[in-house]
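The values are calculated or read from the model by the stated rules, or taken from the named source; none is laboratory data. Everything numeric in this text was worked out from a predicted model, so none of it was measured. Cβ atoms come from the backbone with ideal geometry, glycine included; neighbour counts cover every protein chain shown.
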Amino acid sequence: MDKKYIVSFIIFLFFFFKHVYSEKIDQIEIFADKFTHDKNNKRIYAVGNVEVIDDNFKILSNEIIYNNDKKIISAKKNIRILTQEGNIIRTQDFVSDNKLENAKSGKSYFYIPQLNEDIFEIKYIPENDRDKELKTSKRYSRFASLEYERRNRTWEIFRSAVFSACEICFDKKKNQFNEPFIQLKANKIIHDRENEIVEYKDAYFEFSGQPFFYLPYFSHPSPEVKRKSGFLTPSYFRNVYLGDTFVLPYYYVIDDHQDITIKPRIHTNRNPLFFIQHRKNFFNGEIKNEISNTYTKSGNHEELLGHIESYGKFSFKNNLDLKYQVHRTTDRHFLQAYKLNYEDILESNLSIEKFNRNNYYSMDAYSFQDLRSFVNNKETPTILPRINFSLNSELKHNSVNNSSDFEILSLTREKGATMQKLFLSHSTKFPFLSSDGSVYEIGGHFNTGIYKINNYDNPLSGVFEEDYYRYRFFPQLTFQYSKPLYKDTKKSKQIFEPKVLFVGAPNTGNDLDIPNEDSRNFDLDFPDLFNKNRLSGTDRFDSGSRVDYGLNYININKKKESLTSISLGQSYRLRKDVFGSLNSGSNNYFSNFLGVIKVNPTDLINISSNFSIVPRNGSLSYAISNISFGSYDTRFNINHLLVSRTDGIEATTFDRRNQISSGFSSKIDRNWKFSASTNFNLKNEIKFQNWNTKILYVNECFGFSLNWTRQYTYIPEDPTANYFELKFTFKEIMEGDL
């Protein structure tokens, strides 16, 4: 009985398990179910699940003939060729040399994986996993042709061919594949890998199989390269001042680390504008440059207009960094009129900084160009140099901690006050934690400096002083206490923290014989409440003695994952600050009530508000509020800004502001998105500042955007008008930003 079972088992194995044989010839290995040879052993016939494997390619087919003399591979039926680059070729007949450098085939489909996809590794594939391996890459750019030919591995021609980067969808009702959304159809398509270009001869640009326009010749970069010189997608916009504007960018690769984008603009109402962007990466940094140039003519007078913006940053050894920025324009209205990222103030600077454990060192220089019509640029300052040292000990509880800040500054201007400053601030703190969780901190601080001042118009005395020195010394003592209380239940986590800060200081923090260059406009808010000096700089200090008190409360709902955060506080000072801004919120005995509230009941709703309330009448000194709600696909937000008039003996005067901005965005489906926004002023009446709408369509190979803006401005170079902009992009063919 045992012998019968053994014989039966052997017969079962013989009939139900296939044998895989292999032969290695000329550095390639062939796997197949069956091999035969001619009588002269010049040809090898491989049949059944054939695989030809080389270090650089793999051929899968039902039948293969290998010619030993001519080193030629001939394949038939269900052919799939995979290359080391990740390309896939499907065809029914194929002839090539044994290195796949020269080849020909009939009707073929050529797939190039898009650059963000992984490339498979050449290896032997078990029979049951062959189709699975071909599907490792999700998206391809595709060639399809009636004839395919390869020469010297780097040159390929497709005859009667099409190219598309779109997905091919199957229509179940028609039981056939749909035409690609975008495709190029040509009599000849040449893929020159050495020059990294795809050329089309006698071609049509088609949308969903319908010819859109004819191209006798066309070219674009190879899908196998990340960067290649060539034209980018053009764009169009229109407004009253410029008229119709056409932009045709050209992208030029200088080397592996440097490129240029040239964007000439043609305006129907103005002279052409030349615009160029340059980028360069270094092993330790980068630079970005932007230059524009045009000219305008009025009668016999010609004026050159343009701007330059350059930015760079570099990192060196020992935590040493270098940064610079140059931003200038020839005319205060140029950037706004020509839609080139207008800003009120253009800043140019140079900065060298170093970090060393807890210490920080920097040397800076600043220059400004103010484009606002009411500002005289001769009065804008130039700072050269500004040197800072910040020296700090290790921060530890139950131990003395020291920190010192040292500043050297030279500030000049063509018209107005100039100043040189040498300043030192030092703090000694002793924080300690009690056994009941209370946190205490005792501190002693002093600020001292010497100033050399020229051409200063003293706002207090009204006297113009030409050249003098001024010394100041301002000490402070602080005591801070807080008691965090924590509660953890099944439903929520809660933290409640009362906090108080006592500050003792003389009433000499504001010396108006010294120009105020860094602390002019100050609005007290909750994040600044518990700072010993709540002003931004060192030319003015938070003068006098005071006590700050407030609380923080956080509630996290574990089940709903909601968040509620409330911070409230106020300050009381022993003496009024008569020189501070009238709406600062801190110049009276009792400061404004300050608060920050954040409520997120669900992921769909976010509410926040940062506010300051005047105690005597309950009015808002300022409030910055935001409400947003909706899902990830559809979202609405509204923001409200309310700020009282800024005024005072040293403050820069700004009128009362009451503004609302709102926005809406909706992802209509996987391809379409719509967004809209507006800003308007509620000061005396509803006065719109701008309207914006944008329609965006994007699929896997094509995208376009249509943007409409109505900007309410009141300068001759940029009057209130409608602004239309159209952009589009074709993946792998002609790409651009939307």
Discussion item. Could you go through region 567-580 and let me know if any residue there is over 24 Å from Leu641 (Cα atoms), in contact with a Lys or Arg (Cβ under 8 Å, 6 or more places away or on another chain) and among the polar types (S, T, N, Q).
Written reply: no
Fill in: Residues within region 414-432 that are surrounded by 15 or more Cβ atoms within 10 Å (Cβ to Cβ) and among the basic types (Lys, Arg), tallied
2
Worksheet entry | Selected residue (only one of Tyr549, Tyr553, Tyr481 is farther than 23 Å from Ser427 by Cβ, without any contact (Cβ under 8 Å) to a residue 60 or more places away in the chain and of a type in the set (Phe, Trp, Tyr)) | Tyr553
Discussion item. Being part of a strand (DSSP E or B) and aromatic (Phe, Trp, Tyr) is the filter here; which residues of region 340-366 pass it?
Written reply: Phe355, Tyr360, Tyr361, Tyr366
Worksheet item: Can you tell me which of Asn300, Asn293 is under 30 Å from Ile266 (Cβ atoms) and surrounded by 14 or more Cβ atoms within 10 Å (Cβ to Cβ)?
Response: Asn293
Worksheet entry | Selection within region 206-217 - at negative phi and surrounded by fewer than 18 Cβ atoms within 10 Å (Cβ to Cβ) | Phe207, Gln210, Pro211, Phe212, Phe213, Tyr214, Leu215, Pro216, Tyr217
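Select from region 304-326 the residues that are assigned to a strand (DSSP E or B) and basic (Lys, Arg) and write down the one among them that is farthest from the chain's Cα centre (by Cα).
Selected residue: Lys323.
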Discussion item. Suppose the filter is over 27 Å from the mean Cα position of the chain (by Cα), farther than 14 Å from Ile733 by Cα and surrounded by fewer than 14 Cβ atoms within 10 Å (Cβ to Cβ); does Asn187 pass it?
Written reply: yes
Worksheet item: Name the pairs whose Cβ atoms lie under 6 Å apart, with the first residue in region 321-348 and closer than 17 Å to Pro272 by Cα, the second of a type in the set (Ser, Thr, Tyr) and modelled with pLDDT of 90 or more, and 6 or more positions between them or separate chains?
Response: Leu335/Thr329
Worksheet item: Taking region 265-290 only, how many residues are crowded, with 16+ Cβ neighbours inside 10 Å and of a type in the set (Phe, Trp, Tyr)?
Response: 1
Item to complete: Sort out for me the strands (runs of 3 or more DSSP E) sitting completely within region 462-509 that have 2 or more residues that are small (Gly, Ala, Ser).
Response: 492-504
Item to complete: Please find, within region 404-453, the residue that is farthest from Phe479 (Cα to Cα) out of those that are touching a strand residue (DSSP E or B) at 6+ places or on another chain (Cβ under 7 Å) and of a type in the set (D, E, K, R).
Response: Arg413
Worksheet item: Which residues, taken from region 552-576, are modelled with pLDDT under 90 and under 21 Å from Gly618 (Cα atoms)?
Response: Lys576
Worksheet entry | From Ser403, Ser399, residue being at pLDDT 90 or above, on the phi < 0 side of the Ramachandran plot and surrounded by 14 or more Cβ atoms within 10 Å (Cβ to Cβ) | Ser403
Practice prompt. Count, please, the residues in region 349-379 that happen to be within 31 Å of the chain's Cα centre (by Cα) and in contact (Cβ under 8 Å) with a residue 24 or more places away in the chain.
Written response: 19
Worksheet entry | Selection status of Ser438, among the hydroxyl-bearing types (Ser, Thr, Tyr), modelled with pLDDT of 90 or more and over 30 Å from Arg328 (Cα atoms) | yes
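One line per residue, one yes/no per condition, for (1) small (Gly, Ala, Ser); (2) within 23 Å of Asn507 (Cα to Cα); (3) surrounded by 11 or more Cβ atoms within 10 Å (Cβ to Cβ); (4) out of contact with any Asp or Glu (no Cβ under 7 Å at 6 or more places or on another chain):
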residue: Ser434; (1), (2), (3), (4): yes, no, no, yes
residue: Tyr440; (1), (2), (3), (4): no, no, yes, yes
residue: Thr448; (1), (2), (3), (4): no, yes, yes, yes
residue: Asn454; (1), (2), (3), (4): no, no, yes, no
residue: Asn458; (1), (2), (3), (4): no, yes, yes, no
residue: Ser461; (1), (2), (3), (4): yes, yes, no, yes
residue: Asp467; (1), (2), (3), (4): no, no, no, yes
residue: Arg472; (1), (2), (3), (4): no, yes, yes, no
Discussion item. Can you pull out every residue in region 175-231 that is of a type in the set (Gly, Ala, Ser), under 14 Å from Val162 (Cβ atoms) and not in a strand (DSSP E or B)?
Written reply: Ser208, Gly209
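Yes or no, residue by residue, for (1) assigned to a loop (DSSP other than H, G, I, E, B); (2) charged (D, E, K, R); (3) at pLDDT below 90; (4) within 35 Å of the chain's Cα centre (by Cα):
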| site | (1), (2), (3), (4) |
| --- | --- |
| Lys77 | no, yes, yes, no |
| Ile112 | no, no, yes, yes |
| Ile119 | yes, no, yes, yes |
| Ile122 | yes, no, yes, no |
| Ser145 | no, no, no, no |
| Phe158 | no, no, no, no |
Item to complete: Filter region 59-112 for residues that are in contact with a Pro (Cβ under 6 Å, 6 or more places away or on another chain) and either among the aliphatic types (A, V, I, L, M) or under 14 Å from Glu156 (Cα atoms) (or both) and give the result.
Response: Ile112
Practice prompt. Return the residue satisfying two criteria in turn: it lies in region 607-619 and is crowded, with 17+ Cβ neighbours inside 10 Å and of a type outside the set (Val, Ile, Thr), and of such residues it is farthest from the chain's Cα centre (by Cα).
Written response: Ser612
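Just to be sure, is Ser567 part of a strand (DSSP E or B), in contact (Cβ under 8 Å) with a residue 40 or more places away in the chain and under 37 Å from the mean Cα position of the chain (by Cα)?
yes
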Worksheet item: So which of Ile72, Ile25 is within 30 Å of Arg193 (Cα to Cα), modelled with pLDDT under 85, in contact with a strand residue (DSSP E or B) (Cβ under 8 Å, 6 or more places away or on another chain) and surrounded by fewer than 17 Cβ atoms within 10 Å (Cβ to Cβ)?
Response: Ile25
